[in-house]
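The values are calculated or read from the model by the stated rules, or taken from the named source; none is laboratory data. Computed from a prediction, not measured in an experiment: that's the story for all the values here. Cβ placement follows ideal geometry from the backbone for every residue including glycine, while neighbour counts extend to all protein chains displayed.
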Amino acid sequence: MSNTAPVRKFRPSDDLAHVLDWLASPIPEDPAQDLAQLNGELAALGRARLEDALYHRILDLFYDRAHRLSLALKTRLTEASLPLGKELRAMATLQITVHESIAAGYERVLLDADRLAHSKRRNAASVAARALRSLAEALETSYMVACPPPSGLWRRAHALAKSARANYDPAATIIPGLSLDAEKTYKGLLALAAAQPEGFSPEEIALASEYLGQFSATVSLLPSPPPEEEGLWYWMDSSRDMGPVPPNRRIPPGHGDLLYCSCQLLARLLGEQVSALESGMHAGNLRLPERAAGQGGIAALKRLQAHWAHPPHRQHSRRHNNFRAQVCVGLNELWQLLEHGGAPEGTGAGMPHMTEWMVLNESPAGYAVMHVAGEVEGLVPGSVIALRPAPDKSWSICVVRWMKSENPEHIELGLELVAPAARSVQLMFRNGDPTQLPTPGLLLPAIPALREHPALIAPAGAFNARRFFVVSGEDKTHVMQGRLVSLDLQTGAIELFQFESDPYPT
């Protein structure tokens, strides 16, 4: 897909009518070509010599078109895994560029302070709100494709929020259907970054953004750290290109244009909503999207709540390394690998596929690795992988905690070590369904420093009864009855729960 569209010299007499007709046309089923044309026409608009008021009105139309295109692309991104296909990656990159350009257009409009000061319908606060909304779309798309925020985005967001605050006029006329709450959008940006989005799948990031669209107003912006919330806040330097930082990661400096935020009220609200969902209340009654109550939705909301309530900090120091390791990606692939005794990749059908990675650093809790060789697919935060430094070493079982991909050829993962070894098993849950098929799973040993009981890893949604059978052995003849002790980890890909032997099942 080409990232640019043919662009004519912008002549108001002819091209303006064409652009306006195109902006009013429906978005095609494949938004790729439409997105490229929007980018080209937007560049032409920036070069046109138009009266500021006319430029502003046309920019609003581009804003509407870009946000409708975002909805179409996000639907695709929610189902994506790394590495992204070339076309999807190009579309996401172009969408980020378009939203940045629209934000830049509104920043240009803000320079016309005199006109905006005398306008009740197109005031400075509403312009800053739209610019912030465009930057929020660029940031969300960046997180969904696991790439870093665009350079300069945070500095621009801080400046726009400050401008909106300085120009806020509660008596201004609000255009119907237009969100003018710049402060709420800015708070949503901060809360999304504070949630560690690199550890969420694209679908979970979309859920978080929808949630913040409703409830980000509960984020607190403060001129100084809240004394009653020791360490449970974030700081920002508005003069620097940086998002919110927890003080346990970096102590705020004694100088700079500092601002502080707290997500404690947001976390408390979300905790109450999750409790209501688990009690059977309909998501719509809580102003939550329907997917919040779907498979993995509640688990994602719980992780969001945990990050907002307790800013993360490192528990272990990292040791820098530089050695290669084999990696097997995905629960099904890993199950097949262990079924064959952890043997190297074979050539027969159904044999597991392995790739080569470089271990960048390690700690008792896990690893940071970078892809080196081999085709890899299906990577999402929360999925399970196995890693070993050499063929004669055992496989370490890990869960993907974060992902970074600055370009299609570069992928980095943060891995949480959950077990130094595992066995392939099959699970049969005692849920009264005589038609259920065995569920492939991994049996993990008890680890005194980590968990008291043995544990099981199963696909997301598999756990549906507190009692179950574990079938293992080379010929799958050893049967053990188990009883759930605790559900320790639940992601969009897997569930990990401790269990104990159940010799007297009821």
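One table, with the values for the structure above:
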| read-out | value |
| --- | --- |
| Residues that are out of contact with any Asp or Glu (no Cβ under 9 Å at 6 or more places or on another chain), under 27 Å from T78 (Cβ atoms) and among the small types (G, A, S), drawn from the range 107-161 | A136, S142, A157 |
| Meets criteria (buried (at least 21 other Cβ atoms within 10 Å of the Cβ), among the polar types (S, T, N, Q) and in contact (Cβ under 8 Å) with a residue 40 or more places away in the chain) for S151 | no |
| Failed item in (1) out of contact with any Leu (no Cβ under 6 Å at 6 or more places or on another chain); (2) surrounded by 14 or more Cβ atoms within 10 Å (Cβ to Cβ); (3) modelled with pLDDT under 90, with P26 passing the rest | (2) |
| Residue match in the range 64-79 (condition: farther than 23 Å from S405 by Cα, in contact (Cβ under 8 Å) with a residue 40 or more places away in the chain and out of contact with any Leu (no Cβ under 9 Å at 6 or more places or on another chain)) | yes |
| Enumerated helices (runs of 4 or more DSSP H) restricted to the range 12-102, each holding at least 3 residues that are charged (D, E, K, R) and under 25 Å from the mean Cα position of the chain (by Cα) | 52-77 |
| Positions within the range 248-259 being surrounded by 13 or more Cβ atoms within 10 Å (Cβ to Cβ) and either touching an Asp or Glu at 6+ places or on another chain (Cβ under 9 Å) or modelled with pLDDT of 95 or more (or both), in sequence order | P252, G256, L258, L259 |
| Flag if S279 is at pLDDT 90 or above and hydroxyl-bearing (S, T, Y) | yes |
| Odd one out for G482 among (1) under 30 Å from S81 (Cβ atoms); (2) buried (at least 17 other Cβ atoms within 10 Å of the Cβ) | (1) |
| Residues of the range 411-452 satisfying the condition of being under 21 Å from T355 (Cβ atoms) and in a loop (DSSP other than H, G, I, E, B) | P420, A421, A422 |
